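Okay, structure first, notes after.
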DNA sequence: TCTCAAATGTTACGGTATAACAAAGTTATT
DNA sequence: AATAACTTTGTTATACCGTAACATTTGAGA
Ligand SMILES: [Zn+2]
Ligand SMILES: [Zn+2]
Ligand SMILES: [Zn+2]
Ligand SMILES: [Zn+2]
């Protein structure tokens, strides 16, 4: 099972970082993993309520915030959603493509283009930090 | 006055595009221009209410949507806000730099790099839509 | 003037996110 | 073990962000 494998890696990753992947956080991570693409906080909340009987927004938002801070998830601002990071551990800068229609996600290597962007930002006085580029559009399947 | 100058340019720009910068839209644009950085819809709404006595959310959202579509504003998803585009006529895809410390915003032209990204995304089957690139970092003043 | 389409007004609602405080669990120290 | 300090989670309430749906007004063209 792929999810179990990811969870294990996430566990090691958190231990290395000195942060705790508690039962709740693990449960939320599993719920996000159970989707194929972008997931919204209130979807996770609904799932959590099915599994636990009760849960409130802060519970899921806190868990999601933790997982993002730990580098296990990325937030997709344009869609108010979250995706799993499939490059945990490798220090990467990804170009993350998100289909606004079906939520499908693809990750490419953004290193070359980020070099250019770093230089461009640098000449404007900005030192941009390590990060992913996130772009929304339409995947092959969703185009007519 | 700089605002008046911008409004004039915006007017010409809209005429060229065959769209109408109505009184309401102009008023909203002026309100956004009166701020120095990122502005939120409900801030504009509050200002509009001060000037008109009454206004509802759809009024301001419709105006903001129009101004974004016309290329006069950009939406900053990560901050649920809007900024003025200072590249009207040149390009409508911005590289928006946000200082994580002080909130300062700078906009560069993202057209060249987005051409590259479009091609890269295209070979992965994604057709990315018109949008801004947003990067966070530190501005000159906030670096030690 | 009349007609049609675009723009705006208005009401109501749904989706997103956090503040503030209480309770429970963890860890370290005595 | 008992205590204290800290982190995590629970709970309630509320604030913020954005849109659906329909009514009304406005303005350009027949
Ligand atoms: Zn990643
Ligand atoms: Zn798709
Ligand atoms: Zn711009
Ligand atoms: Zn700064």
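Among the residues of segment A:129-144, not one is surrounded by fewer than 12 Cβ atoms within 10 Å (Cβ to Cβ) and within 16 Å of DNA strand D (Cβ to nearest atom). Looking only at segment B:115-122, decide whether some residue is surrounded by fewer than 20 Cβ atoms within 10 Å (Cβ to Cβ) and over 14 Å from residue A:108 (Cβ atoms). Within segment B:115-122 (the criterion being surrounded by fewer than 20 Cβ atoms within 10 Å (Cβ to Cβ) and over 14 Å from residue A:108 (Cβ atoms)), the answer is yes, since at least one residue qualifies. From the list B:114, B:72, B:95, the one residue that fits, being in contact with a helix residue (DSSP H, G or I) (Cβ under 6 Å, 6 or more places away or on another chain) and either more than 14 Å from DNA strand D (Cβ to nearest atom) or farther than 17 Å from residue A:126 by Cβ (or both), is B:72. Residues in segment A:28-43 that are part of a helix (DSSP H, G or I), more than 14 Å from residue A:69 (Cβ to Cβ) and in contact with a helix residue (DSSP H, G or I) (Cβ under 7 Å, 6 or more places away or on another chain): A:30, A:31, A:32, A:33, A:41.
The condition (being within 11 Å of chain A (Cβ to nearest Cβ), touching a residue at least 12 places away in the same chain (Cβ under 8 Å) and either within 16 Å of ligand 2 (Cβ to nearest atom) or touching a strand residue (DSSP E or B) at 6+ places or on another chain (Cβ under 8 Å) (or both)) is satisfied by just one residue among B:64, B:73, B:97: B:97. Pairs are defined by a Cβ separation below 7 Å, a sequence spacing of at least 6 or placement on different chains, a first member in segment B:4-27 that is within 14 Å of chain A (Cβ to nearest Cβ), and a second member that is at pLDDT 95 or above and within 9 Å of DNA strand C (Cβ to nearest atom); no pair meets this definition.
Kindly indicate which of A:40, A:50 is over 14 Å from the mean Cα position of the chain (by Cα), modelled with pLDDT of 95 or more, at negative phi and away from ligand 4 (no atom under 16 Å from the Cβ).
On the way: A:40 fails: over 14 Å from the mean Cα position of the chain (by Cα).
One residue alone meets the criteria, A:50.
The values are calculated or read from the model by the stated rules, or taken from the named source; none is laboratory data. All values derive from a computational prediction rather than experimental measurement. Counting neighbours? That spans all protein chains shown, and the Cβs are built from the backbone with ideal geometry, glycine included.
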